[in-house]
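Chemist: Mind having a look at this structure? Questions to follow.
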Amino acid sequence: MALVLAATPLGNPLDASSRLKKAIESAEIIAAEDSRRFHRLASDLEVKFTARIISFFEGNETDRTQEILTLLRAGKEVLVVTDAGMPTISDPGFRLMRDAIAENIQTVVIPGPSAPTMAIALSGLPTDRFTFEGFAPRSQGARKTFYEKLRFEERTMVIFEAPHRLQESLEDAASVLGSERAGAICREMTKTYEETIRGSLAELIDWASQKEVLGEITLVFAGVTAGSEEKTSEDALERVREYEAAGMDRKGAIATVAEEFGIPKKIVYAAVVDANKMSR
């Protein structure tokens, strides 16, 4: 018995590995995110299979995980594929993999195409350290909080976004990260209409506002220079002291500086508290 996770092409079927094709041909059971898309992939790859196909998507992942574990315990081998890329990466499969490992079931991964790594390579931004943040939240409030947590991230950031939310997501990012932050929009990677737009967030917003954006979107944003958070905190602390010296109360000074610097009040407050501890 073995659980096999296999990466599938992002769009171009020529990216499929020989190992993936053999796994499909020999599989007894295939758990596919969308059975219709899987049949289309098999047709594009000119691969014939005799496996039983079961659906395995976000809506039924919990129940299907238990069903697949039962099959694995019975000695079956199950091949898991998603619509594109590697299972478990913003796609079904993580819970299944985790639970299979916990039961000491043999697990195998067939590597292949991956949107995050392709996008970061296309972006031209630093690749030595990066962070994958998955999909940005749908609501504006949650999305701004999401970007707020990334304000001082030093690593290059990779984020998935829906095409119809692209412009507003970029605008929220710019309001937090700054309109001059470098970034890239990677659209329809490996497909016929693939394109990469690089520039500042202001330039990316301008591009998005003039287009009817369709297809799969991956965003890449540059991280900040190392030490930026410490420098910002020091500058904010100095400004708070200036306002206090001018007669403003501390709470008001912190709120004013936070607004002036465009940073959360908690960062300014933490800088003031740390400074007070150091002076004792």
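All of the numbers you see were taken from the coordinates with simple rules; none came from a lab. Please read all numbers here as calculations on a predicted model, not as lab measurements. A quick note on method: Cβ atoms are made from the backbone with ideal geometry, for glycine too, and the neighbour counts reach across all protein chains shown.
Chemist: Please grab the % of Cα pairs in region 228-279 that end up more than 18 Å from each other.
Modeler: On the way: 239 of 1326 pairs.
Here the tail beyond 18 Å accounts for 18 percent of pairs.
Chemist: Then there is this: At K266 and V109, where each label point lies 7 Å from the Cα along Cα→Cβ, what is the point-to-point distance in nanometres?
Modeler: Those two pseudo-labels are separated by 3.1 nm.
Chemist: Over region 82-125, consider all pairs of different Cα atoms and compute the Kirkwood hydrodynamic radius from their mean reciprocal separation; express it in Å, one decimal. If you can, show how the numbers build up before the last one.
Modeler: Values: mean 1/r = 0.0831 Å⁻¹.
Value: 12.0 Å, from the Cα pair sum.
Chemist: What's the extension gain from V273 to M1 if we count 0.36 nm per residue and subtract their Cα-Cα distance? Show your work: numbers first, answer last.
Modeler: Working: separation 272, 0.36 × 272 = 97.92 nm, distance 5.71 nm.
Using 0.36 nm per residue and subtracting the Cα-Cα distance, I get 92.2 nm.
Chemist: Can you tell me the length gained on complete extension of the stretch Y193 to N60, counting 0.36 nm per residue apart and subtracting the Cα distance?
Modeler: Values: separation 133, 0.36 × 133 = 47.88 nm, distance 3.20 nm.
Residue separation times 0.36 nm, minus the Cα-Cα distance, leaves 44.7 nm.
Chemist: If you take the Cα Rg of region 2-113 and divide it by 2.2 N^0.38 Å, with N the number of residues, what do you get?
Modeler: Values: Rg = 12.7 Å, N = 112, 2.2 N^0.38 = 13.2 Å.
My calculation over the Cα atoms of region 2-113 gives 0.96.
Chemist: Tell me, what is the FRET efficiency for L14 and K144 to the nearest 0.05, using R0 = 30 angstrom and their Cβ-Cβ distance as r? Can you show the working numbers first?
Modeler: Numbers: r = 40 Å, r/R0 = 1.34.
Step by step, r from the Cβ atoms, then E = 0.15.
Chemist: If I take every Cα pair under 8 Å that is 6 or more residues apart in region 128-280, average their sequence separation and divide by the length, what percent do I get for the relative contact order? Don't jump to the answer; show the numbers that get you there.
Modeler: Values: 208 pairs, mean separation 32.6, N = 153.
Relative CO of region 128-280 lands at 21 percent.
Chemist: For region 116-221, report the translational diffusion coefficient in µm²/s to the nearest whole number, using Stokes-Einstein at 25 °C, 0.890 mPa s, and a Kirkwood Rh over Cα pairs. The partial results should precede the final answer.
Modeler: Values: Rh = 13.5 Å.
Calculated translational D: 182 µm²/s.
Chemist: Compute the Rg/Rh shape ratio of region 1-53: radius of gyration over Kirkwood radius, all on alpha-carbon atoms. Display every interim value, and only then the final one.
Modeler: Details: Rg = 10.3 Å, Rh = 11.3 Å.
Rounded to two decimals, Rg over Rh is 0.91.
Chemist: Which values of log₁₀ I(q)/I(0), to two decimal places, follow from the Debye formula for the chain at q = 0.10 Å⁻¹ with a uniform point scatterer at every Cα?
Modeler: Log10 of I(q)/I(0), two decimals: -0.66.
Chemist: Tell me, in nm to one decimal, what length is gained between D83 and E28 on full extension, where the rule is 0.36 nm per residue of separation less the Cα-Cα distance? Each step should come with its number before you reach the end.
Modeler: Details: separation 55, 0.36 × 55 = 19.80 nm, distance 1.92 nm.
Answer, rounded to one decimal: 17.9 nm.
Chemist: A follow-up question, please. When the label point is put 7 Å from the Cα of E259 along its Cα-to-beta-carbon vector, which residues of region 140-177 have a backbone N closer than 18 Å?
Modeler: 176
Chemist: Provide, for the chain, the number of lysine pairs with alpha carbons under 22 Å apart, each pair being eight or more places apart or on different chains.
Modeler: Lysine pairs satisfying the spacing and distance rule in the chain number 21.
Chemist: How large is log10 I(q)/I(0) at q = 0.27, 0.29 Å⁻¹ when the Debye formula is applied to the Cα atoms of region 200-252, each weighted equally and without solvent?
Modeler: -1.05, -1.11
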